[in-house]
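Taking it in order: structure first as structure tokens, then the write-up.
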Amino acid sequence: MTRPLLEVRELRTYFSIGRGGFMRRKSVLKAVDGISFSIHEGEVLSLVGESGCGKSTVGRTLTQLETATAGTAMFDGRDILNLTHAEFRPLRRDIQMIFQDPFASLNPRLSIEQMLAEPLFIHRLVRDRSEARERIAATLELVGMDAKSMNRYPHEFSGGQRQRIGIARVMILTPRLVIADEPVSALDVSIQAQVLNLIKQLQRDSGVSMLFISHDLGAVRHISDRVAVMYRGALVETGEKRQIFETPRHAYTRKLLDSIPRLEKRIA
Amino acid sequence: MALLDIRNLDLRIARGSELLPVVQGVSFAVEENETLGIVGESGCGKSLTALAIMGLLEGSAVRIAGGSVHFQGRDLLTLSPEERRRVMGDQMAMIFQEPMTSLNPVYRVGDQIREAILQHRSMSRRQAHDRALDLLELVRIPDPVRRIDSFPHQMSGGQRQRVMIAMALACDPKLLIADEPTTALDVTVQKEVLELMRGLQTRTGMSIVLISHDLGVISETCDKVAVMYRGRIVEQASTSTLFSNMSHPYTLGLLGSIPATDHDVEWLDAIPGRVPTLDEAVPGCAFHPRCFAAKGSCRTVDPGAAAVSPAHFVRCHFPQGSSS
Ligand SMILES: Nc1ncnc2c1ncn2[C@@H]1O[C@H](COP(=O)(O)OP(=O)(O)OP(=O)(O)O)[C@@H](O)[C@H]1O
Ligand code: SF4
Ligand SMILES: [Mg+2]
């Protein structure tokens, strides 16, 4: 078997919490406590678990938004946890993140064109504005948006359209690994379905590898090849999608699956 | 006679000089000991309907433009606020999605439950305290004697929602309106809270109106269902009828949008487009721009509600799968 694109070993991310005031009692919160997994080229691995289990922290650590306490994460043969920010910078194009609210960290006064052009210029993928506009138009169409949307501003778009634009901003860089953290959970049911289909289609067409972080078991089944179930900072079970959903081995996985409200129950 | 009987409820929202319709011709009834589910996407009018029943729209931008809300035989909409309070008394209670915003962070949960009790019942503080303990036990908060002194932030989301339910039950309401009560909770906790609500209903015989965007939650918990789209009930039936004979294209679209967890589907049957905003007028059927079954008349004529079978109402010119 080929070497995985990403191989995470014994990853730990601890936070120190507590005020450290009068009592001077600082404690350590072990948000991620020794987890290992790998993702191959073109593969979608889901990280599923309940609130506070540490799944977002995994994604944030892999993109250097948090600092790892211990462990390694080999990406294409290099340990990305032990790189300086300067060393990590060229990898930013390869490892991209899709967030629940794609515009949370962006200046709302920028037009869609400006938002999408920025990473293109940072990574020197285009020479000039007209080349950027061409690429932006093509990518917007890829995510099901009118190319003319680039002249508009974020507040003019609905939640679903905003997430499409967020996805465009990631895909325009042709990354090798996409980390998607609850990309549809803020959207309405009918819009979730559109965006899930879109993510699945783009992943297939581009062959990008993906870490899909979600608490939504339906979305996870729809998107993934393999699934890792996380509970209190650790992985309790990792396996092929069908194995996890049809023959779960760990009691917590079974509890999670048993808790899903069923649509059929009431049918006579 | 139904406990709650709503006919042709019309709500309008003031936008500048205009009054835009947000809830139109909504009718449903809830019997004693029955659970009605209202399902639909954000902005479809679920919560406003609930607030109208509770009389909580006063002072907001929303006006009641028509219809009736009969509770135990009296039309609440024709009563003055004082009369309304007397008729409603402590017989209706409501819980919301995010318990943290409805609990006061600076008071201990026990004090808040006790206040809720004392608002409606005259009894000593000691008695109210004991009643609060009973209620915490009823909603299965572990170790209530200690937990009664906790502050809201010291509890988990599931525990806070249990405290909210305890407060709502403080005066044995006949009707509980629960607006997305489990949406902020994890699935395993959601299951416990829904089971708790069902168990309490069995014990007390109260009626429940459960509002949710989650068809799964609705199908597991409710006796009957009203599906709302853009301010109207587009399909209404008993839960078993709805799921065995789904007729409205929107209901079908909602079902097709939900990724299954028990089998693999290559592509979800997503509904195209998006919900029009309030100020976008849509002629004819409000769903026609997104509907796979739309034909000529759908673009011009707004369909009325019609029975496709007894007690199964659909607002559509071309109901699906109905063997006429
Ligand atoms: N910067 C931080 N400082 C201290 N604690 C943190 C920090 N970031 C996250 N945590 C804590 O780490 C734990 C894991 O957080 P994380 O956001 O990864 O959970 P999650 O699984 O994504 O939950 P949710 O689904 O609710 O977002 C939580 O207890 C959280 O409160
Ligand atoms: S009336 Fe026409 S457009 Fe509306 S739901 Fe029925 S078929 Fe679709
Ligand atoms: Mg998270």
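Scanning region B:47-87 for residues that are open to solvent by 20 Å² or more (accessible area, probe 1.4 Å) and in a helix (DSSP H, G or I) yields a count of 13.
Picking from residues in region B:231-240 that are modelled with pLDDT of 95 or more and open to solvent by 20 Å² or more (accessible area, probe 1.4 Å), the one that is nearest to the other protein chains (Cβ to nearest Cβ) is B:S238. Being more than 16 Å from ligand 2 (Cβ to nearest atom), open to solvent by 60 Å² or more (accessible area, probe 1.4 Å), assigned by TED's automatic domain parsing to the domain that holds B:L194 and under 22 Å from the mean Cα position of the chain (by Cα): is that true of B:T277 here? Taking the combined requirement at face value, the residue satisfies it. Here region B:14-46 is the region considered, the condition is being in a loop (DSSP other than H, G, I, E, B) and closer than 30 Å to A:Q192 by Cα, and the residue that is farthest from the other protein chains (Cβ to nearest Cβ) is B:G45.
In the condition set (1) surrounded by 23 or more Cβ atoms within 10 Å (Cβ to Cβ); (2) part of a loop (DSSP other than H, G, I, E, B), B:D149 is compliant with all but (1).
Residues in region A:41-62 that are near ligand 3 (Cβ under 9 Å from one of its atoms), open to solvent by 20 Å² or more (accessible area, probe 1.4 Å) and part of a loop (DSSP other than H, G, I, E, B): A:S51, A:G52. Against the definition (modelled with pLDDT of 90 or more, surrounded by fewer than 18 Cβ atoms within 10 Å (Cβ to Cβ) and within 16 Å of ligand 3 (Cβ to nearest atom)), how does A:L83 come out, yes or no? So A:L83 fails the test. Evaluate region B:124-143: report whether one residue or more is farther than 19 Å from B:K174 by Cα and either in contact with an Asp or Glu (Cβ under 7 Å, 6 or more places away or on another chain) or in contact (Cβ under 8 Å) with a residue 40 or more places away in the chain (or both). Checking region B:124-143: at least one residue is farther than 19 Å from B:K174 by Cα and either in contact with an Asp or Glu (Cβ under 7 Å, 6 or more places away or on another chain) or in contact (Cβ under 8 Å) with a residue 40 or more places away in the chain (or both). Taken over region B:280-300, the criterion of being among the charged types (D, E, K, R) and either open to solvent by 20 Å² or more (accessible area, probe 1.4 Å) or near ligand 2 (Cβ under 7 Å from one of its atoms) (or both) is satisfied by B:E280, B:K295, B:R299. Selection of region B:126-145 for residues being among the charged types (D, E, K, R) and either modelled with pLDDT of 90 or more or out of contact with any Lys or Arg (no Cβ under 9 Å at 6 or more places or on another chain) (or both) yields B:R126, B:D130, B:R131, B:D134, B:E137, B:D143.
Scanning region A:212-268 for residues that are open to solvent by 70 Å² or more (accessible area, probe 1.4 Å) and on the phi > 0 side of the Ramachandran plot returns a single hit, A:R232. Can you tell me which residues in region B:307-319 are modelled with pLDDT of 95 or more and either open to solvent by less than 50 Å² (accessible area, probe 1.4 Å) or among the hydroxyl-bearing types (S, T, Y) (or both)? Correct list: B:H312, B:V314, B:R315, B:C316, B:P319.
Any residue in region A:100-111 that is outside any loop (DSSP other than H, G, I, E, B) and either away from ligand 2 (no atom under 16 Å from the Cβ) or touching a helix residue (DSSP H, G or I) at 6+ places or on another chain (Cβ under 8 Å) (or both)? No, region A:100-111 has no match at all. Scanning region B:180-197 for residues that are open to solvent by 10 Å² or more (accessible area, probe 1.4 Å) and either in contact (Cβ under 8 Å) with a residue 60 or more places away in the chain or more than 13 Å from chain A (Cβ to nearest Cβ) (or both) returns B:E180, B:T183, B:A184. When restricted to residues that are within 17 Å of A:H155 (Cα to Cα) and either away from ligand 3 (no atom under 16 Å from the Cβ) or surrounded by fewer than 19 Cβ atoms within 10 Å (Cβ to Cβ) (or both), region A:97-123 contains 16. All of (1) over 30 Å from A:F157 (Cβ atoms); (2) more than 16 Å from ligand 3 (Cβ to nearest atom); (3) out of contact with any Asp or Glu (no Cβ under 6 Å at 6 or more places or on another chain) hold for B:V189 with one exception: (2).
Report yes if B:V209 is more than 14 Å from every other protein chain (Cβ to nearest Cβ), surrounded by 23 or more Cβ atoms within 10 Å (Cβ to Cβ) and touching a residue at least 24 places away in the same chain (Cβ under 8 Å), otherwise no. Against the criterion (more than 14 Å from every other protein chain (Cβ to nearest Cβ), surrounded by 23 or more Cβ atoms within 10 Å (Cβ to Cβ) and touching a residue at least 24 places away in the same chain (Cβ under 8 Å)), B:V209 qualifies. Considering (1) of a type in the set (S, T, Y); (2) closer than 27 Å to A:Y14 by Cα; (3) open to solvent by less than 10 Å² (accessible area, probe 1.4 Å); (4) in contact with a Ser or Thr (Cβ under 9 Å, 6 or more places away or on another chain), the lone condition that A:S209 does not fulfil carries the number (4). Selection of first residues in region B:292-304 that are without any contact (Cβ under 8 Å) to a residue 40 or more places away in the chain and of second residues that are more than 8 Å from ligand 2 (Cβ to nearest atom), restricted to Cβ pairs under 7 Å at least 6 apart or on distinct chains, gives the following pairs, ordered by first then second residue: B:R299/B:P283; B:T300/B:P283. If you go through region B:247-264 and pick out every residue that is more than 7 Å from chain A (Cβ to nearest Cβ), in contact with a Gly (Cβ under 9 Å, 6 or more places away or on another chain) and surrounded by fewer than 20 Cβ atoms within 10 Å (Cβ to Cβ), you end up with 1.
Would you confirm, using the coordinates I've provided, whether A:S46 is at pLDDT 95 or above, more than 16 Å from ligand 2 (Cβ to nearest atom) and within 14 Å of chain B (Cβ to nearest Cβ)? Yes; evaluated as a whole, the condition is true for this residue. When B:M167, B:M155 are checked against the criterion of being of a type outside the set (D, E, K, R) and modelled with pLDDT under 85, a single residue qualifies: B:M155. Only a single item in (1) surrounded by fewer than 18 Cβ atoms within 10 Å (Cβ to Cβ); (2) among the acidic types (D, E); (3) in contact with a Ser or Thr (Cβ under 9 Å, 6 or more places away or on another chain) is not met by B:E41, and it is number (1). At least 1 residues being away from ligand 3 (no atom under 16 Å from the Cβ), at pLDDT 95 or above and within 13 Å of chain B (Cβ to nearest Cβ) is the threshold, and among the strands (runs of 3 or more DSSP E) wholly inside region A:167-268 those reaching it are A:226-231, A:234-240.
The values are calculated or read from the model by the stated rules, or taken from the named source; none is laboratory data. What you see is a predicted model; the values in this text were computed from it and never measured. No Cβ is skipped: glycine too gets one built from the backbone with ideal geometry, and neighbour counts run over all protein chains shown. All accessible areas refer to the heavy atoms of the entire protein, side chains included, with ligands and DNA or RNA removed. Shrake-Rupley method; radii C 1.70, N 1.55, O 1.52, S 1.80 Å.
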